[in-house]
1. Which value, in Å² and to the nearest 10, is the accessible area of E59 when all protein chains are kept and the probe is 1.4 Å?
2. Hey, can you grab everything whose amide H is under 5 Å from the amide H of R72? Only 5+ residues off in sequence or another chain; H modelled, so Pro and N-termini drop out.
3. Could you run the Karplus curve 6.51 cos²θ - 1.76 cosθ + 1.60 with θ = phi - 60° over region 63-72 and give me ³J(HN,Hα) per residue in whole Hz, x for Gly and Pro?
4. Based on the alpha-carbon gyration tensor of region 64-104 and its eigenvalue square roots a ≥ b ≥ c, which shape applies: rounded if a/c is under 1.5, prolate if not and a/b is larger than b/c, or oblate?
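The values are calculated or read from the model by the stated rules, or taken from the named source; none is laboratory data. All values derive from a computational prediction rather than experimental measurement. Note: accessible area is taken over every heavy atom of the protein model, side chains too, but ligands, DNA and RNA are not part of it. Shrake-Rupley method; radii C 1.70, N 1.55, O 1.52, S 1.80 Å.
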Amino acid sequence: MSGRRSLVWLGLTPEPERELPANVAALRSPPAASAVENRRVQRLILHGSERSWLRYLAEVTDLVTGVADGTRPGDRRAARIAAEVVLDHHHMLIGLPGSAYARTAPQRRALECALRTLRAGDPAGHPATPRPGGRA
């Protein structure tokens, strides 16, 4: 690569940008305003790198797994949605050049485990929250 930064990671999916801010804000302690989280995501997308974006998603994974295992307070529904979005994103990394897919393998395992726990704890018995586009 010439000295320009790669932007290929930006083409994966718009769901994280759309769905993570409100749900991640609900997981923060104390809960953050969605607008603050939205600005953070926008900054990462506009000025960040794939590495900084993946660090953010690792932070989201830590929030989700903490709620799932009961070590931190948080909205379980928001944790489930965030986990689904990040896991979908991480699965798509397999199509990109580089090592991001391999580097996120531990996060995928943690998110899959967290989702099993979060879905089992859903009082309505819903396996997942449907999102726009018909994906669960």
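1. Rounded to the nearest 10, that gives 60 Å².
2. For R72, the qualifying residues are V67.
3. Ordered by residue, 3J(HN,Hα) equals 4, 4, 5, x, 5, 5, 8, x, 8, 9 Hz.
4. prolate
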